[in-house]
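See structure below.
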Amino acid sequence: METSQKTAREIYQDLKSNLSRKRFGFGEKAILVNVDLQKAYTRPDLFKTAYETDPKQLIYINELAEKFRNLGWPVVWTYVAYMESGEDCGIWGTRTDTPDSLQNIKFGSDRSELDDRLHIDSEKDVIYCKKMPSAFFETQLQSLCVWHQIDTIVLTGGSTSGCIRATAVDSLSRGYRTIVPEECVADKHESYHFANLTDLSIKYADVLEVQEVFEYLQK
């Protein structure tokens, strides 16, 4: 195993300036999948489970969503929420049981609500409740992609080390070109965030600056 005294941020910046893999690139038609941008994870002023990496994250995501809609391309928002019993969280919910625990994000709670700063089109956008890390797991996302003849998935949201990574792995496994705009994903700690951006970039996705995604959509 290679060792290093560099931080995860420094390792990611080294990779970014000298990519070791060719890109998957953009395809012909994309879907925007915004993962778990709910108050439990986007409002550090309210909940200690929340996080912020780039303060303009939600602004960029709103811009992406508008550009996707203008192209007639699908926009998806996911959130997690569970029954009062928490049984639909399964084994994932057995490690802790505090008011901040995952299985205690209840339907109808403030923690389950998508962030008020998001611009969601209630007529055009698709909203899925998911129970596990990947946005593909037991949702209709795969069917939606097939219906729209999608070949590219643009992923935003959080966390980088959790649900973004899980969705990116599932996306690649299903044969989709997977794009992660780095300013549009966030995590609790920069080490988790940048370590997973590095891993995603090497293995599973193209991690790009959001401006490059805007340029693709403009073309």
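The numbers here are math on the coordinates, done by the rules we state, and not lab data. Being a predicted model, the structure only gives us computed values, none of them experimental. Because the Cβ atoms are built from the backbone with ideal geometry, glycine has one as well, and the counts that use them run over all protein chains shown.
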Item to check | Proximal lysines to residue 29, defined as alpha-carbon separation beneath 20 angstrom and excluding residues fewer than eight positions away on the same chain | outcome: 67, 124, 219
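Take every DSSP beta bridge whose two residues both sit in the range 26-218, then give the antiparallel share in percent to the nearest 5. Walk me through the intermediate numbers first.
Working: 1 of 25 bridges.
Of the beta bridges lying entirely in the range 26-218, close to 5 percent run antiparallel.
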Checklist entry - Listing 83, 1 from the residue with the fewest other Cβ atoms within 10 Å to the one with the most, what is the order? => result 1, 83
Checklist outcome for this item: For residue 131, counting only lysines whose alpha-carbon sits under 17 Å away and dropping same-chain residues fewer than eight positions off, the answer is 39, 106
Checklist outcome for this item: Summing -39500 (n - 2.57) over every DSSP H run of at least 4 residues in the chain and dividing by its residue count gives a helix-only mean residue ellipticity at 222 nm, to the nearest 500 deg cm²/dmol, of -8500 deg cm²/dmol
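Per residue, how much space in cubic angstrom lies within the convex hull of the C-alpha atoms of the chain?
Working: hull volume 30.2 nm³, N = 219.
Here the figure is 138 Å³ per residue.
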Checklist outcome for this item: Straight-line reach check, residue 6, cutoff 12 Å on alpha carbons, 8 or more apart in-chain or any other chain, hits among aspartates and glutamates -> 14
Item to check | the range 160-202 and the range 35-60: distance between their alpha carbon centers, rounded to Å | outcome: 16 Å
Checklist entry - Ranked highest first by average number of other Cβ atoms within 10 Å, how do 172-178, 76-82, 100-106 line up? => result 76-82, 100-106, 172-178
